[in-house]
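Just so you know, all these numbers are worked out from the coordinates, no wet-lab data involved. Please read all numbers here as calculations on a predicted model, not as lab measurements. Ideal geometry is used to build each Cβ from the backbone, glycine not excepted, and the neighbour counts take in all protein chains shown.
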Amino acid sequence: MASIVLLAPAAQAQEARQQELTLGATGISYFSYQRPSALFLVLEAAYHRRIASEGPWSAVRLGGGVRTGVPGGAIFPLEGFVRVQLSARIGIWEAMLGPELGLSGYAKLATGTLLPMQEIKAQEDAKLGPVYVAFNAAPVRLHFGRVVASALELQLGTSPLSFGSAVRVQVGLLKLGVEL
């Protein structure tokens, strides 16, 4: 009976760490066949929660967040996203990957191009919408107690309306988080 009492605080502490808040810096750019967008440096705030506290479902996280930064040619400098992530943890290292669905105000190609044809520019711009789907990989995540640090996250995505007409590339420079 005493062992159950001693294990109860550990179980409660583990369950309290099923949530995570992060803040980070990210670079976003879009590329089409003819022209790229500007590089947007943005700040990201996100919240994630594990589906289960133990077992195989504890490796699945649901989350969402917002990104914002200096307008710098963006339509509206704000993004919102939701994501599902699978994680694998060994010691302090935890890798994550999974899909993301978002709505972006940064989905705008540069106005200059090598070819002066306006109709090609208009066709490319029409294919690039604010909704995107992406695949996110975070191979460099480290846990230091309740603090989480992540660097060099990579995300590749596109618009679901015209899949592959423009590619969204996002590189997470540095993220710091805290487990709750």
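Structure data summary
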| quantity | calculated |
| --- | --- |
| Extension gain (nm, one decimal) between residue 143 and residue 76, 0.36 nm per residue minus Cα-Cα | 20.7 nm |
| Viscosity 1.306 mPa s, temperature 10 °C, Stokes-Einstein D of the stretch 46-109 from Kirkwood C-alpha radius, µm²/s | 118 µm²/s |
| Net charge of Cβ neighbours under 14 Å - reference residue 80; Lys, Arg +1; Asp, Glu -1 | -1 |
| Summed side-chain charge close to residue 48 - residues other than residue 48 whose Cβ falls under 9 Å, Lys, Arg +1, Asp, Glu -1 | +3 |
| Point-to-point label distance, residue 90-residue 33, nm (Cα→Cβ direction, 7 Å offset) | 4.3 nm |
| Space enclosed by the convex hull of the alpha-carbon atoms of the stretch 138-180, per residue, Å³ | 71 Å³ |
| Gain in span if fully extended, residue 49 to residue 174, counting 0.36 nm per residue against the direct Cα distance | 43.0 nm |
| Radius 13 Å from Cβ of residue 174, net charge of other residues (Lys, Arg +1; Asp, Glu -1) | 0 |
